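The values are calculated or read from the model by the stated rules, or taken from the named source; none is laboratory data. What you see is a predicted model; the values in this text were computed from it and never measured. Using ideal geometry, Cβ is built from the backbone for each residue, glycine included, and neighbour counts are taken over all protein chains shown. SASA here: full protein model, heavy atoms, side chains in, ligands and nucleic acids out. Shrake-Rupley method; radii C 1.70, N 1.55, O 1.52, S 1.80 Å.
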Amino acid sequence: MSDDGSTANARHPGLVEPRTKEDWRCYLGYQSPARPALPSWSDYQAMDTGARRRFNHDRGRHHSALVLAWTPPVLHFEELILERLQANEDAPAGARPGLLIDGPPTVGKSTLVKMIARRFELGLREDFPERFAADRLGDYVPVVYLSVPDSVTPKQISLALARYLHIPVSSGKPTKDDIDELVLTAIRRCGVQLLIFDDLHFLDCTQREGRASNDHIKYLANHAACTIVGTGVDLETSPLLSEGRGADRNTQTAGRFSHHRLQPFTVATKQQAEQWIGVVATLEDALVLHRHAHGSLARRHWRYLHERTGGSIAALHDLIRLAAIRAVRQGAEAVTRELLDTITSSYATERQYAKVVGGRHQQRTSSTRSAPPAKQAKPA
Ligand SMILES: Nc1ncnc2c1ncn2[C@@H]1O[C@H](COP(=O)(O)OP(=O)(O)OP(=O)(O)O)[C@@H](O)[C@H]1O
Ligand SMILES: [Mg+2]
């Protein structure tokens, strides 16, 4: 097995969310499976069974990883985050402003922040190699990426930060204040510049603990000399930003974070359609298939793909990934409209598609594909 075999698989960022600085470093070093060169059709036909199976296995891994697209929204948020980091770098002590990225499920929030943070840290490695020298490794941690666990308490946030930075806190019975002190010291010592909280909506602010967690984010924003970026679903209506009861306390958080939306792609205007087509083209370019008409998805099927996926990059990624794998397994060697029609996407994706095309959807002839009915609109 090659060096990037099973161990690299185990480190795939899509399979394992980073929970420690070592996980994060694995993510930084991760190389997606190499794109195999496509042999001529006659050479492919002439391969013995074992060689063909190995080639198709490599193709399968490549199609499974597909590619992460630097879409216009990803580039837009990269610019916002880099700008904010620069603005905060030598700002006076106190609350450093942060950034919230708010969007519906599977719109690509986690992927986006990880892509941006990865490129940010790789840039630092290039510009300041001495900070990453082997004898300093472990001391310098410019990026912390924390996926917020369900129903999190403030102490759990601090413990998760401590685990990420490998700060021992187990001796005795440390209080939250003890841990906070250790964590803040470590954040300063490790030179953390970018602190990412993914899935901030898990701070269930309707509960006492949730409110306390919210206050804790404010506390960190005040005392950690780094830029906090949070992602989540419906953050605008959460007490993290909205006023509700105790208005003064809540405005404190709203005063620290700018709020930005990440939405699924739309194709209402020419410019929007071009962005979507660009994403389709990027994914299509990654296909390694013998009979695929290059560019056909981006040229002819972009609108269909938009209807199928509701403009969700997650749904598109998965649809093309599965279609490529099916095209190899069934020997079609091309991702065509007919093949795409045979694939069943997630329940939510299928339901929105059924809603979009209504009757047309029922007429599709696929026998392998099943779709839930569109939810009936409630009578007014
Ligand atoms: N820029 C991208 N390029 C290619 N595929 C992407 C991109 N962003 C997201 N995806 C695809 O969408 C999937 C879901 O993305 P992600 O987990 O980032 O969404 P999310 O908004 O964080 O979802 P949730 O709200 O459920 O946490 C990814 O696993 C990947 O397959
Ligand atoms: Mg996410």
* Structure fact -> Heavy-atom accessible area per residue of the stretch 13-143, all protein chains kept, 1.4 Å probe, expressed in Å², is 53
* Asked: Given labels modelled 7 Å from the Cα in the Cβ direction, how far is it in nm from E17 to E338?
  -> 4.2
* To do: Determine the shape class of the stretch 264-355: with a ≥ b ≥ c the square roots of the Cα gyration tensor eigenvalues, call it rounded for a/c under 1.5, and otherwise prolate if a/b is greater than b/c, oblate otherwise.
  => oblate
* Structure fact -> Simple SL model, points at 7 angstrom along Cα→Cβ for R189 and R125; separation in nm is 2.4
* For a quick protection proxy, order the peptides 81-94, 147-160, 287-300, 305-318 by their average other-Cβ count within 10 Å, most packed first. => 305-318, 147-160, 287-300, 81-94
* Counting only residues 5 or more places away or on other chains, whose amide H sits under 5 Å from the amide H of T227 once H atoms are built in the peptide plane? -> L194, L195
* Structure fact -> Counting only protein heavy atoms with a 1.4 Å probe and every protein chain in place, the carbon and sulfur fraction of the accessible surface of the stretch 264-355 in whole percent equals 52
* Asked: Could the peptides 329-339, 273-283 be put in order, highest first, of the mean number of other beta-carbon atoms found within 10 Å of their residues?
  -> 273-283, 329-339
* Using a 1.4 Å probe over the heavy atoms of the protein chains, calculate the carbon and sulfur portion of the accessible area of the stretch 72-261 as a whole percent. => 51
* **Counted charge near H301, where neighbours are those whose Cβ lies closer than 12 Å (Asp, Glu -1; Lys, Arg +1)** => +1
* Can you tell me how much longer the chain between Q86 and H57 gets when fully stretched, taken as 0.36 nm per residue apart minus their C-alpha distance, in nm with one decimal? => 6.0 nm
